[in-house]
Structure formats: structure tokens, C-alpha cells
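Chemist: Here it is: the structure, laid out below.
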Amino acid sequence: MTRLDRRGLLPAAGAMLMAPALLRAAQAQTAAASAPMAAASPQAPGFYRFRLGGRVVTLVNDGQGRRPKPTEGFVRNAEPAAVEKALRDAFLPVEHLDIPYTVTFLQAPGGLVLFDTGTGGQLGATAGNIPANMRAAGLAPEQVTTIVLTHFHADHISGLTDAEGKALFPNAEIVVPEAEWAYWMDDGIASRAPEAMRGAFAGARRRFAPYQSRVRRIAADAEVAPGIKAVPTQGHTPGHTSYLLSDGADQAMLLGDVTNRPELNLANPGWHLVFDMDAAMAEATRRRVFDQVAADRIRCIGYHFPFPANGHVVKEAQGYRLIPAPWSSAV
Ligand SMILES: [Zn+2]
């Protein structure tokens, strides 16, 4: 029996002692390191299904946005070291933060309902995968009868139109929270908005333009359709709204942006993220909603959760923790 020479297995021991296969591997590694970075390899199609009572929910991933330096300025009321620790504790990089986008389709008796629309491929090269992932999931834009919006931030509404302003969902009625509409469509508020927010007001006007005749404004606690109930969750934006989906005894809470990535904002519900327009209200909303879904064991869908963007939430000594939903080959 031959004893393996440990030194012979390590590249550091020198090429003389290196087996030919190892030598080739080391050379390939060196070549890869010096080659320009290859384009990202495609992932499996980003859709995930689960059953809600007799209905089918399909989550479709749009990709993600990358925020550089999440330890600096991303959380308004936490020290960089605390943010860095939270990232490391979650095995996430500390140099950048990928913020995923996932939309939800609900096959309801009245038709196919879409919640939020993604980026429409207009917010950077790392997102815009909804058309391809919809095709993979067997869903077509023409089938969508209703689009329900949580709020009007660009990562949620840009997919209403293409870059030229043409409606991407030719047959859909758009359901919007009244308070959200009132804020973003108010010309007075828009004209007084700080420079950094002007684009958001203009963007909202552009996205809704081709849908003007088919926008339905709803109260904060309205029943949108049987089994789709609006839940007021203001704070992230003035009219931010979540939706409780139900069929029979089955329920799922579509959160929108009640929280951003759970590793940061669910673990630390008191953290005020830069996107929360009224951070104190957003925090109060976050605690109220998560206390409820944890106590009632309601499945949650989070727009910025890591794909497949759903699971259950448990309350911990400090904050909450997401238990991601399992994947099953059968729905
Ligand atoms: Zn968002």
C-alpha cells in the first residue's frame, strides 16, 4: 500500500513533485485567474410554484440589483461594524449587497393576477429576467388580467412598460393603493420633491400613462377580489400596501417591502433602511406585521427575499428569522 505524500498533493510543494493532473489543474487555474471575467452563467429558470388552497401561486424572479458598500449609509441607524457583522453572520459578502426582485402570479378564478412587475429590464443589466422566466413557467403577458401593486418604487413598477413607454400587459387592469396614487401623482408634491426623487415621480407618470383608462384605486384595506385582501402597511412609502391571499383555510401574506433582505432587516426590525420613506412608521409596521404572521404561522412572500422569496417567519429573542420554503418537484 502506497502512503500518500502530503507534500505531493500541494501545489506549493513545486512542480517537480506534482502529479501531471494536478499540474494541469494548477495551470488552468492560473489561466482562469488571468482571463477577463466571463459573463455570468445562466441559472436554472427562476420560477417556483406552491399551492394555496385550490389556487396556484407562481413566483418569478427578475434578477437582482447590486448595491456597493452596504456597510456605508444603507442602514441609517446602525454602525458599519454592526451591519458588517450581520452580513458575515448570514454568509453574505460585505463589499456589496445583491437585492433580489421576485414578482408573484396568482391563478385565481377571475384570471391571472400579477403582484408588482419587476424592472422591465430598465434598472441595470443584472435584472430583467421576467419575460424569459415567465416563458419558462408557461405564463404569457396577455394572460394577465389584473396587476396589483404594493407601491410605486421603480423596482416594482418599471415592468409595466418597456423602455419606450409601451404597455407590456395589454389586457391587464391595474390595481393601486389610493394613498400611493395620491402621493406620487400629486403635481404639488412632485414639484417640491428633492432633486434625487424627481426621477421617481416622472417614472410613475410614465409607467401609468398607457394604462390610464384601466387603473382601479383601492382603499388601504379593500378586498381586491375574492381571496385577495389589502393590508395597510405604510411607512416604506406613504401608501405601501401588502396583500393577504387566501383560499379556504390557506393563507399567504404578500409583503412587498415591509422588509428588505431578511438577513439584515428581519433579523434587525429596528434598522432603518435608506429606502424607507418614513422609517419610524416602517419599523412599527414591520413589527406589527411580523408579530402577526409569526403568531398565525402565515406563509410570507417577500419581494426582496432570496429566491424563491417565500417562507415562514419565527420570532426570536431579538427580531425575526425567515425559514425558507422547501422546494418540491410536485405542486
Ligand atoms: Zn423594493
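Values in this text are rule-based calculations from the coordinates and carry no lab data. All of these numbers come straight from a predicted model, not from anything done at the bench. Quick reminder, even Gly has a Cβ in these numbers, built from the backbone with ideal geometry, and neighbours come from all protein chains shown.
Chemist: Looking at region 99-195, which trypsin sites (Lys or Arg not before Pro) are DSSP coil and have at most 14 other C-beta atoms within 10 Å of their C-beta? Please report the intermediate quantities before stating the final value.
Modeler: Values: sites: ARG135, LYS166, ARG192; in loops: LYS166.
When the trypsin sites (Lys or Arg not before Pro) of region 99-195 are filtered for loop state and at most 14 Cβ neighbours within 10 Å, LYS166 remain.
Chemist: Looking at region 89-190, which GluC sites (Glu not before Pro) are DSSP coil and have at most 12 other C-beta atoms within 10 Å of their C-beta?
Modeler: On the way: sites: GLU95, GLU142, GLU164, GLU173, GLU178, GLU180; in loops: GLU95, GLU164.
Sparse-neighbourhood loop GluC sites (Glu not before Pro): GLU95, GLU164.
Chemist: Give me the net charge of ASP276's neighbourhood, meaning all other residues with Cβ under 12 Å from the Cβ of ASP276; Lys, Arg count +1, Asp, Glu -1. Could the numbers behind the result be given before it?
Modeler: Working: positive: ARG76, ARG286; negative: ASP257, ASP278, GLU283.
It works out to a net charge of -1.
Chemist: Sticking with this one: Check VAL56: other-chain or 5+ apart residues with amide H under 5 Å from its amide H, H built from backbone geometry?
Modeler: Distant-sequence amide H within range of VAL56: GLN107.
Chemist: Hey, another quick one. Could you give log10 I(q)/I(0) at q = 0.09, 0.14 Å⁻¹ for region 56-324, computed by the Debye formula over C-alpha point scatterers of equal weight, without solvent?
Modeler: Ignoring solvent entirely, the Cα scatterers give -0.38, -0.97.
Chemist: While we're on this one: Go ahead and set up a Gaussian network model of the chain, Cα springs under 10 Å, then flag whichever of PHE305, PHE275, PHE105 fluctuates most.
Modeler: In the Gaussian network model the winner is PHE275.
Chemist: I would also like to ask the following. Considering the chain as a Gaussian network with a 10 Å cut-off on Cα pairs, which listed residue, GLN107, GLN43, GLN143, attains the greatest mean-square fluctuation?
Modeler: So, out of GLN107, GLN43, GLN143, the one fluctuating most is GLN43.
Chemist: Have a look at GLY159, GLY110, GLY118 and tell me which one the Gaussian network model of the chain (Cα, springs below 10 Å) gives the largest fluctuation.
Modeler: GLY110
Chemist: So, with +1 on the Cβ of K and R and -1 on the Cβ of D and E, and no other charges, what is the size of the charge dipole of region 154-290 about its Cα centre, to the nearest 20 debye? Let's see the in-between values first.
Modeler: Working: 14 positive and 18 negative charges, 41 e Å.
The dipole of region 154-290 has a size of about 200 debye.
Chemist: Hand me the trypsin sites (Lys or Arg not before Pro) from region 248-302 located in a DSSP loop with no more than 12 other Cβ atoms within 10 Å, in residue order please. Could the numbers behind the result be given before it?
Modeler: Details: sites: ARG286, ARG287, ARG288, ARG297, ARG299; in loops: ARG297.
Answer in residue order: ARG297.
Chemist: If the cut-off is a Cα-Cα distance under 28 Å, which lysines reach LYS229, setting aside same-chain residues fewer than 8 apart in sequence?
Modeler: LYS315
Chemist: Right, next: Classify region 172-331 from the C-alpha gyration tensor, please: rounded if a/c falls under 1.5, else prolate or oblate depending on whether a/b exceeds b/c. If you can, show how the numbers build up before the last one.
Modeler: Numbers: a/c = 2.04, a/b = 1.38, b/c = 1.48.
Judged from the Cα gyration tensor, region 172-331 comes out oblate (a/c at least 1.5, b/c at or above a/b).
Chemist: Right, another one. Around SER328, what is the net charge, scoring Lys/Arg as +1 and Asp/Glu as -1 over all other residues with Cβ under 11 Å from its Cβ?
Modeler: Values: positive: ARG49, ARG51; negative: none.
That sum, taken over residues with Cβ under 11 Å, equals +2.
Chemist: How far is the Cα center of region 273-293 from the Cα center of region 166-219, in Å?
Modeler: Here the two parts' Cα centres lie 23 Å apart.
Chemist: For LYS69, give me every one of the lysines with a C-alpha distance below 19 angstrom, ignoring sequence neighbours fewer than eight places off in its own chain.
Modeler: Here the lysines satisfying the reach criterion relative to LYS69 are LYS85.
Chemist: How much net charge surrounds THR117 when only the other residues with a Cβ under 10 Å from the Cβ of THR117 are counted, with Lys and Arg +1 and Asp and Glu -1?
Modeler: Details: positive: ARG207; negative: ASP62, ASP116, ASP155.
Charge balance in the 10 Å sphere: -2.
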